[in-house]
Amino acid sequence: MRARAAAGVLLVLALAAAGCGAPERAAPPYGVGPDGERLEEPDGEVRAAYLGYWDAWLAAYRNPGAADDGLAGHAGPPWLDAARATLAEARRAHQHNEGTVEHRLVGMAAEGQSRLVYDCVELSGWRIHDDRTGAPLPGQLTDKRRQLAVLTLNRVDGRWVVTNSRKPVPCEPRDDGRTP
């Protein structure tokens, strides 16, 4: 049960901060966000910053006890504090992640100075492991391995960083068989 709770906490942190989103609704078709927002192709700078955040997050969670988690250049408040709290909890629980997350960027929406990146993340190749045994923790969302992550990026000190996230929703197949 503790492993299942830890996996849930990690997914919520990695993909969503408590708040917006309707988890009971399926992800939208390409071009429209879950709340009807029009999506565009993420520009190169935002795309690079978003994917850089994921690389930094996965690296930090592989070794949650490292002195430098590498997140400062990729995340800003309040998200940076939440991410570091999750790493501290993983360290206390003797857990780390292994594997990769695949990305299929669905689009981007602008909200004032913020950019929301919509990404159908595939979590099948990513698992939380127990440091003491090396074994993956049981009960890690095996039925919901593809999630629509919506992360907010803002400019902080001249660069795009992740500052927040919405609750994930499933990436459901569209009529043409593709997922958003």
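The values are calculated or read from the model by the stated rules, or taken from the named source; none is laboratory data. None of the values given here were measured: they were computed from a predicted structure. Cβ: placed from backbone, ideal geometry, glycine included. Neighbour counts: every protein chain shown.
Annotations
- Test: Ala56 is modelled with pLDDT under 95 and either surrounded by 13 or more Cβ atoms within 10 Å (Cβ to Cβ) or in contact with a helix residue (DSSP H, G or I) (Cβ under 9 Å, 6 or more places away or on another chain) (or both): no
- Some residue of segment 31-49 being more than 17 Å from Gly107 (Cβ to Cβ) and surrounded by fewer than 16 Cβ atoms within 10 Å (Cβ to Cβ): no
- Residue in segment 92-102 that is surrounded by fewer than 14 Cβ atoms within 10 Å (Cβ to Cβ), without any contact (Cβ under 8 Å) to a residue 40 or more places away in the chain and touching a Lys or Arg at 6+ places or on another chain (Cβ under 7 Å) present: yes
- Filtered residues of segment 62-77 (kept if touching a His at 6+ places or on another chain (Cβ under 8 Å) and touching a residue at least 60 places away in the same chain (Cβ under 8 Å)): none
- Qualifying residues in segment 104-128 (those that are surrounded by fewer than 19 Cβ atoms within 10 Å (Cβ to Cβ) and not polar (S, T, N, Q)) - the one nearest to Val169 (Cα to Cα): Glu122
- Pair list, Cβ < 9 Å and 6+ apart or interchain, from segment 26-50 residues that are modelled with pLDDT of 80 or more to residues that are assigned to a strand (DSSP E or B) and among the polar types (S, T, N, Q): none
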